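These notes concern the structure reproduced below.
The values are calculated or read from the model by the stated rules, or taken from the named source; none is laboratory data. Note that the structure is predicted; figures quoted are calculated from it, not measured. Here the Cβ is made from the backbone with ideal geometry for all residues, glycine too, and neighbour counts use every protein chain on show. For accessibility, only protein heavy atoms count, side chains too; no ligands or nucleic acids. Shrake-Rupley method; radii C 1.70, N 1.55, O 1.52, S 1.80 Å.
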Amino acid sequence: MTTLLRRWAAIIAAVLLAGALGASPASALDDGGAINAAYQRLGGSAGRLGNPIDAGRCGLKDDGCVRHYQGGSIHFSRASGAHATWGGIEARWAGLGWETGHLGYAVGGERCGLRGGGCYQDFQGGKVYWSPALGTNPVWGAIGAYWASYGWENGPFGYPTSAEVCAARCTQSFWGGQITWNPNAPMSYSLWDWNPLVAVNKRRPLSPLTYAPPSLVWVGTQQMRADAAGALRKMISDAAAAGVPITTVSGYRSYSDQAALYGSYVARYGQAYADTISARPGFSEHQTGLAMDIGNPGAPCGLQACFRDTPAGRFAAANAWRYGFIVRYPDGFQGITGYTFEPWHLRYVGTNAAAQMRSWGVPTLEQYFLMAAAPGY
Ligand SMILES: [Zn+2]
């Protein structure tokens with residue numbers, strides 16, 4: 001009796017196993033399978049992929065399957081779904097080991113229309129970016145997350161220009177600078193010396209906190225980075241020629257200068273109010289060497305909102321962009337910038353960015369970089 005039951009059990013198990021095997025092999029490659037469905041969604045043979053050039057095969061990592069087409073390929077795995085890859089992004093993915101490399105499988109299709117005509121694609125382990133000017137490179141992990149917090153490719157770093165390179169620490173180069181991840185230290189970055197697009201606010205301190213700019217030159221009684229100083233001198237001389245004298249009130253301030261200034265405001269007003277009118281040391285734009293507080297001779301409305309209605313304030317509001325400056329803390333944007341209206345505080349971002357912000361109608365650097373707002377620390 002026991003033997004008979006065992007024999008029946010074995011037969012039933014064999015039937016079930018055969019049924020399971022019959023249902024699963026190569027289903028992703030069937031006409032009704034995930035790969036063909038993705039192919040049809042992309043327009044079939046009339047789409048970018050064109051005609052199939054093989055019948056496909058399975059047995060890839062995580063029981064994945066692939067089929068190749070004239071214009072690219074579609075990979076499938078149960079975890080990632082079926083997604084097409086092609087062109088430069090596929091070539092970079094291939095160079096990084098296809099699905100067996102750090103990136104794993106694609107988890108979405110290529111998405112284009114990024115700033116500067118770029119495209120990207122999401123993978124299990126990161127993203128791959130392509131731009132016409134800067135080629136194709138991946139981002140992932142801690143460096144990718146840090147880069148993202150500065151507005152992805154829209155921010156001061158722009159598109160990646162290399163993959164991450166790791167030894168004791170990891171470094172990755174971008175259009176605007178490099179980001180370093182060190183297991184024993186906070187994330188850090190350095191922008192290339194020519195890049196004036198640094199983003200500094202209450203959520204994004206200088207890197208390192210005690211950063212000092214590479215070169216400082218005098219403009220009137222104050223110092224600035226050379227590129228910003230040249231632009232400001234031109235603005236001041238053009239303004240003077242138009243009958244509007246402009247003075248320099250406060251330019252570069254070192255970490256220790258800022259510590260003293262902020263400390264004096266805290267002592268006088270308390271920290272809550274001090275934080276609305278002065279940056280903590282390591283968080284001030286003045287420490288970048290790219291900011292200047294301007295004034296009128298005789299200082300009417302100096303460092304006050306009514307500066308807007310003085311000759312220097314009116315000239316700056318109308319013309320600063322032509323020289324590569326923005327009024328960094330515009331009226332009504334404290335929830336984004338973290339600061340009340342400062343019509344006297346000019347920040348050099350270069351003529352391209354200043355003109356773009358003006359023509360796009362984007363008043364703050366946070367919005368221009370598509371970064372999260374920084375209303376407080
Ligand atoms: Zn200022």
Checklist line | GNM flexibility winner over the chain from Val266, Val249, Val327 (Cα, springs under 10 Å) | finding: Val266
Checklist line | Accessible area (Å², per residue) of region 104-176, counting only protein heavy atoms and a probe of 1.4 Å | finding: 36 Å²
Item checked: Orientation-averaged projected area, Cα convex hull of the chain (nm²) -> 27.9 nm²
Margin query: Could you tell me how far the Cα centroid of region 273-346 sits from the Cα centroid of region 135-151, in Å?
Written below: 31 Å
Checklist line | Heavy-atom accessible area ranking, 1.4 Å probe, most first, across Tyr120, Tyr329, Tyr265, Tyr255 | finding: Tyr255, Tyr265, Tyr120, Tyr329
Next item on the list: Could you pull the accessible area for Thr171 with a 1.4 Å probe, rounded to 10 Å²?
Entry: 30 Å²
Check: Which percent of the accessible heavy-atom area of region 216-368 goes to carbon and sulfur, probe 1.4 angstrom?
Finding: 56 percent
Item checked: Whole-Hz couplings from phi, Karplus 6.51/-1.76/1.60, listed for region 68-81; x for Gly and Pro -> 9, 10, 4, x, x, 8, 10, 9, 10, 9, 4, 6, 9, x
Notebook entry, point to check: What accessible area, in Å² to the nearest ten, does a 1.4 Å probe give for Asp122?
Noted result: 40 Å²
Margin query: As I understand it, the dipole of the chain uses +1 on the Cβ of Lys and Arg and -1 on the Cβ of Asp and Glu, about the Cα centre. Which of Tyr189, Ala228, His75 lies farthest toward its positive end?
Written below: Tyr189
Margin query: Leaving ligands and nucleic acids out of the surface, order His68, His75 by accessible area at 1.4 Å, largest first.
Written below: His68, His75
Next item on the list: Choose one answer from Ala133, Ala353, Ala46: the residue with the largest mean-square fluctuation in a GNM of the chain with alpha-carbon springs under 10 Å.
Entry: Ala46
Check: Roughly how tilted is helix 255-269, in degrees to the nearest 10 and between 0 and 90, from the longest Cα axis of the chain?
Finding: 70 degrees
Note to self: Suppose accessible area is computed on protein heavy atoms with a 1.4 Å probe; arrange Met187, Met292 from highest to lowest.
What the structure shows: Met187, Met292
Item checked: region 161-222 - Kirkwood radius from inverse mean 1/r over Cα pairs (Å) -> 13.5 Å
Margin query: Please compute the per residue accessible area over region 216-368 with all protein chains in place, 1.4 Å probe, rounded to a whole number of Å².
Written below: 41 Å²
Next item on the list: For region 260-356, build the charge dipole from Cβ charges (+1 Lys, Arg; -1 Asp, Glu) around the Cα centre, then report which of Tyr339, Leu261, Gln356 sits farthest towards its positive end.
Entry: Gln356
Note to self: Rounded to the nearest 20 debye, what is the charge dipole size of the chain about its Cα centre when +1 sits on each Lys and Arg Cβ and -1 on each Asp and Glu Cβ?
What the structure shows: 200 debye
Note to self: How big is the dipole moment of region 216-368 about its Cα centre under a simple scheme where the beta carbon of each Lys and Arg is +1, that of each Asp and Glu is -1, and everything else is neutral? Debye, nearest 20, please.
What the structure shows: 200 debye
Item checked: Whole-number percent relative contact order across region 87-192, with pairs defined as alpha carbons under 8 Å at least 6 apart -> 16 percent
Check: Which lysines have a Cα lying under 27 Å from the Cα of Lys127, excluding residues fewer than 8 positions away in the same chain?
Finding: Lys61
Next item on the list: Return the calculated 222 nm mean residue ellipticity for the chain, to the nearest 500 deg cm²/dmol, obtained by summing -39500 (n - 2.57) across DSSP H runs with n ≥ 4 and dividing by the residue count.
Entry: -9000 deg cm²/dmol
Next item on the list: Please grab the % of Cα pairs in region 34-122 that end up more than 15 Å from each other.
Entry: 57 percent
